[in-house]
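Everything below concerns the one structure shown next.
The values are calculated or read from the model by the stated rules, or taken from the named source; none is laboratory data. These numbers were taken from a predicted model, which means no experiment stands behind them. Note that we place each Cβ from the backbone using ideal geometry, even for glycine, and neighbour counts take in every protein chain shown.
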Amino acid sequence: MTIKRAAELTGVPEHTLRAWERRYSAFAPTRTPGGYRVYDEEALRRIRAMRDLVRSGASPREAARDAGLPAQLQPAQLQPAAESHERVLEALTRLDAAATLQLIDEQFALRSYESLVDDWLLPLLQRVGEAWAAGRITVAGEHLLSQVVTRRLAAAFDAAGPRPTTQPVIVGAPSGITHELGLMAFAVALRRAGVPTTYLGGDVPVDAWSQAVGTTGSRLSVTTIPRRQDAGRVAKLAAALAADHPGTTLAVGGRYQDRAPAGCLALGHRITEATRLVVGRHD
């Protein structure tokens, strides 16, 4: 059957099938005299096995291994991040939603989740901010990327769960802070690491956050200071949690985390290391 039909039967987009074949040699479709890929039942079995493993939280490399693929196969080289970032910026300039989604999905298909976030996604968000400041893309372009990434991260968050809801790590941003893609990416990483995680999103009133801590028995909250002016908002959250729930910890990431109040836990600037830090605290 054709790649289009294989995608329909498995629910894996065509560009993801091509990426898995190219990078992991995950399956070897035959070719028609005209050069078209043709998939047999064995190829479909491997696609479905990889799909289910990725949806459960495995990286594509892990899924290829666990699906029983030949160990000696070597993955192809990733396109340099700067080049793929430029392709995304070009799509955003055109407000091409389909191209933007395809480019994001390619990276999810080719990289482990942790590499995707630290080495590709967070640097991309910085480049998009710079492109907006330079007038290359519009606010609409920024919002387009945010919606595409949010949907993809939400799917990853759901695929990594569910986890027990007792004493979860609470992740979110207090009132006035709406930059939450980094926080959402971190919430996914925590769930993938086995940490019970409740994601509140952005712009959460301080009293609602405090109530959530009381309801769940959470001992650790995570937030961010993405802009200088957000330090005061995080200070208010820290003060409320210290008064209402003594002994709880507020961990802070983001570009200006050094402006967090004394007593907060600084997470650093890489999600992989920050996840290890939270896992150690939660255990």
Within the range 234-274, considering residues that are among the hydroxyl-bearing types (Ser, Thr, Tyr) and in contact with a Leu (Cβ under 6 Å, 6 or more places away or on another chain), the one surrounded by the fewest Cβ atoms within 10 Å (Cβ to Cβ): Thr248
Just one of (1) buried (at least 16 other Cβ atoms within 10 Å of the Cβ); (2) more than 25 Å from Val117 (Cα to Cα); (3) among the hydroxyl-bearing types (Ser, Thr, Tyr) trips up Thr166, so point out which. (1)
Pick from the range 219-229, criterion under 21 Å from Ala154 (Cβ atoms) and modelled with pLDDT of 95 or more, ranking: surrounded by the fewest Cβ atoms within 10 Å (Cβ to Cβ): Val222
Scan the range 115-129 and give yes if some residue there is more than 25 Å from Thr224 (Cβ to Cβ), assigned to a helix (DSSP H, G or I) and among the basic types (Lys, Arg), otherwise no. no
Here, helices (runs of 4 or more DSSP H) confined to the range 147-252 with at least 1 residues that are closer than 27 Å to Leu125 by Cα and among the aromatic types (Phe, Trp, Tyr) are 181-192, 206-216
